[in-house]
Each structure stands twice: as structure tokens, then as C-alpha cells.
1. Residues of segment 19-59 being away from the ligand (no atom under 16 Å from the Cβ) and surrounded by 13 or more Cβ atoms within 10 Å (Cβ to Cβ), which ones?
2. Exactly one condition in (1) at pLDDT 95 or above; (2) farther than 24 Å from Thr17 by Cβ; (3) not β-branched (Val, Ile, Thr) is false for Gly67; which is it?
3. Give me the pairs: first residue in segment 29-49 and more than 18 Å from Asp78 (Cβ to Cβ) and without any contact (Cβ under 8 Å) to a residue 40 or more places away in the chain, second residue more than 6 Å from the ligand (Cβ to nearest atom) and of a type outside the set (A, V, I, L, M, F, W, C), beta-carbon distance under 7 Å, and six or more apart or on different chains, which are they?
4. Which condition breaks for Phe7 when tested against (1) in contact with a strand residue (DSSP E or B) (Cβ under 6 Å, 6 or more places away or on another chain); (2) among the aromatic types (Phe, Trp, Tyr); (3) surrounded by fewer than 20 Cβ atoms within 10 Å (Cβ to Cβ)?
5. Taking the conditions exactly as written (farther than 21 Å from Ile5 by Cα and within 13 Å of the chain's Cα centre (by Cα)), does Leu74 satisfy them or not?
6. Determine the pairs where a residue that is under 12 Å from Gln90 (Cα atoms) and of a type in the set (Val, Ile, Thr), located within segment 10-27, has a partner that is within 16 Å of the ligand (Cβ to nearest atom) and not in a loop (DSSP other than H, G, I, E, B) with Cβ atoms under 8 Å apart, the partner being 6 or more residues away or on another chain.
7. Cβ-Cβ distance below 8 Å, separation of 6 or more or different chains: which pairs start in segment 61-78 with a residue that is small (Gly, Ala, Ser) and end on one that is in a helix (DSSP H, G or I) and modelled with pLDDT of 95 or more?
Amino acid sequence: MSIKINFIRGDEVLSTTMNVGRTMLDAAKKLKLPEIPAICNGACNCGTCHVHIDPEWVDKIEPMDPGSMELFMLERSDHFDQNRSRLCCQMDIYDVYDGLTVHLIDNRQDK
Ligand code: FES
């Protein structure tokens, strides 16, 4: 089963489909998004796959583990938003995520 994922860049909506069980990083890579260089290739140690979850989806997705390396990485970012920040590589895609929308941050400027 595949679902629709939306990445927002300003006024632009970049959409793709991705199979359940893959990650949001897989979806971002499919779209070749320059804002998500994902330097560590999903190992949770670069922080360059950071996105902001759309406010409508914040309460619908699996919460982040508060003791996780994901949170540790996100807190180091200038763009950290306690309610909306997530790392694409740490987000598995579930069937209930159909239409999930996230906002792009230009992670190239974080470095
Ligand atoms: S790709 Fe490096 S932290 Fe997600």
C-alpha cells in the first residue's frame, strides 16, 4: 500500500507517494529535495533531514521518543520547534499518514 506525502516549499506543494513501512526520508529522496541533503543517509547523526510537521498533522503522527537521539539532534538546530520539528529519517510511514504534510526547512544553511 502506498500513501501520499506532501512537502511544502513556500507556496509550492511537492507531492509523492511512498509505501507504508518506508520512511519520510525515502519520500524526500524520491523528490530529490535539495533542502534535505541527509548527509548521514538516515543514521540520525547529521540533522539535515529536519522538517516541520504541518500543524494539522502534529497530533496525528507517532510522537517522538523524548529520550531519543532524534530530539538531541533537533535541539541543536536553529530551526528547532518543540511542537513541529522532526527528522525525516526517523519517521516511519504508516497507512494512517495518507496526505501527511510537512514544511521544508533549508538544511543546507544549518551547516
Ligand atoms: S539523514 Fe542524517 S539525521 Fe536524518
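The values are calculated or read from the model by the stated rules, or taken from the named source; none is laboratory data. Note that the coordinates shown come from a computational prediction; the quantities given were computed from them, not determined experimentally. Reconstructed Cβ throughout: ideal geometry from the backbone, glycine too, with neighbour counts over all protein chains shown.
1. Those that are away from the ligand (no atom under 16 Å from the Cβ) and surrounded by 13 or more Cβ atoms within 10 Å (Cβ to Cβ): Val20, Asp54, Trp57, Val58.
2. That leaves (1) as the condition not met.
3. Here the result reads Lys30/Thr16; Leu31/Thr16, each pair linking segment 29-49 to a residue that is more than 6 Å from the ligand (Cβ to nearest atom) and of a type outside the set (A, V, I, L, M, F, W, C).
4. (3)
5. So Leu74 passes the test.
6. Within 8 Å, the pairs are Thr23/Cys88; Thr23/Cys89; Thr23/Gln90; Thr23/Asp92.
7. Ser68/Gln90
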